[in-house]
Amino acid sequence: MAKKKQYGLQCSFCGRSEAEGATVLPSPDGHAGICMDCLETAATMLGMIGDDNSGSVARRARATHHQSTHSTVAADESKEARPMPKPQEIKAFLDQYIIGQEQAKKYLSVAVYNHYKRLDQPVDEDGVEIEKSNIIMVGPTGTGKTLIARTIAKILDVPFTIVDATVLTQAGYVGEDIESLLTRLLQVADYDVERAQRGIVFIDEIDKIARKGDNPSITRDVGGEGVQQGLLKLLEGSVVNVPPQGGRKHPEQPMIAVDTKDILFICGGAFEGIEQAIAHRLNSSFVGFSTDAAQRRIEKDRFMSHVAPQDLRTFGLIPEIIGRLPILTHLLPLDREALRRILTEPKNAITRQYEKLFAMDGVKLTFEPEALDYIVDKAIEFKLGARGLRSIVETIMMNSMYDIPSTQEKTFTVTPQYCAEQLEAAHFDAQAV
């Protein structure tokens with residue numbers, strides 16, 4: 001069987017791969033393959049054709065392989081020739097799935113658009129080279145950082161992957177090496193290095209690798225400053241040797257060289273407690289009212305809109321990594337109106353998902369407006385954010401999803417009374433606390 005390894009097709013006879021210089025011709029069904037050398041040897045050994053003809057067979061096979069490769073390249077070029085989505089088009093797409101967070105969506109739209117343009121920039125004689133602008137998003141949990149990143153992936157024509165910074169450690173320690181970020185990008189790109197080098201990586205929970213104190217560590221900060229130092233070369237742009245299957249379980253595997261200068265990095269984190277740093281910098285009162293009548297008190301929930309790079313440094317990010325994330329944007333806590341809209345307006349709104357689930361059983365599901373208000377009130381009461389809306393609705397709908405498929409009912413209406421009964425029966429209040 002022709003094996004499509006991370007370094008190309010492999011001959012079913014001699015085992016040589018494309019990475020080793022072999023030209024492998026796959027079978028029509030893709031389950032077998034033969035290299036040109038084995039083809040010539042087989043033709044000669046079988047005695048069906050002479051040496052001169054065997055060379056002709058090999059040449060025809062090479063031409064067929066070249067034509068197939070050329071067709072693939074042409075298809076790729078046709079795909080890349082598609083017009084780039086403009087920033088307003090990208091934001092309009094995000095608006096279909098994400099409520100609020102206008103500034104963050106605008107920043108991300110511009111960053112992605114510029115990334116496209118940067119990849120296609122012509123070589124000018126003026127020597128001007130557009131540098132990439134990595135971006136960092138700061139906002140409380142449940143405000144949509146990861147959702148924005150996942151939604152952008154739907155409109156992109158470049159490899160896109162989301163990785164979690166909490167599992168990263170320095171080399172030699174339990175956890176994942178920094179290079180694992182690029183391993184996942186290679187996997188998404190089907191180990192096409194050229195495509196991977198044009199990709200986008202979203203690093204979630206970037207705040208979890210903040211160093212534990214203001215002073216540089218004199219020892220090894222396994223999950224903090226040390227990881228930040230390791231990320232520097234990736235964010236800046238350098239050639240990194242990446243283990244295609246992960247470096248710790250397969251130490252004998254050949255490395256793949258990946259240049260990160262054209263990879264766009266988007267980072268996101270909750271940065272819990274950074275409001276105190278912002279308030280201190282602004283000489284403002286975090287709680288209560290300022291004694292200075294001329295000093296306008298900034299609402300606690302709006303402190304995040306004043307976040308600045310120096311606040312990230314106070315929180316624990318090293319100056320070098322802040323400098324490599326030049327675009328800083330924020331996500332505000334979701335208010336009641338936004339949470340209410342999230343339940344019904346997006347294309348994949350929570351209520352629409354359950355309505356579709358019930359419709360597949362021939363049942364028309366309806367949520368009373370008062371029931372939706374009740375769900376939002378609970379999410380606000382327990383400070384669960386948008387992510388908590390799903391858990392509340394799931395708890396409310398569990399018994400009905402269990403019972404109704406076995407009945408003959410064709411309609412089901414969710415009322416506030418039903419919501420209260422189901423949450424009380426599930427002891428949701430105790431769980432949320």
Distance in nm between Asn348 and Lys410 label points, each 7 Å along Cα→Cβ, equals 3.2
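State which entries of Lys132/Lys233; Lys106/Lys132; Lys208/Lys378; Lys105/Lys233 exceed 24 angstrom in Cα-Cα distance in the structure shown.
Details: Lys132/Lys233 14 Å; Lys106/Lys132 17 Å; Lys208/Lys378 28 Å; Lys105/Lys233 27 Å.
Lys208/Lys378; Lys105/Lys233, as the Cα separations exceed 24 Å there.
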Whole-percent carbon and sulfur contribution to the accessible surface of segment 317-433 (1.4 Å, no ligands, DNA or RNA) stands at 52
Rounded to the nearest 10 Å², the 1.4 Å probe accessible area of Asp262 is 40
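Run the numbers for Ala308 and Asn399: contour at 0.36 nm per residue of separation, minus the present Cα-Cα distance, in nm. Present the calculation step by step, with values, prior to reporting the outcome.
Values: separation 91, 0.36 × 91 = 32.76 nm, distance 4.70 nm.
28.1 nm is the gain from fully extending Ala308 to Asn399.
The values are calculated or read from the model by the stated rules, or taken from the named source; none is laboratory data. Values in this document were obtained by computation on a predicted structure and should not be read as measured data. When we count neighbours, we look across all protein chains shown, and the Cβ atoms used for this are built from the backbone with ideal geometry, even at glycine. With ligands, DNA and RNA removed, areas are computed over all heavy atoms of the protein, side chains included. Shrake-Rupley method; radii C 1.70, N 1.55, O 1.52, S 1.80 Å.
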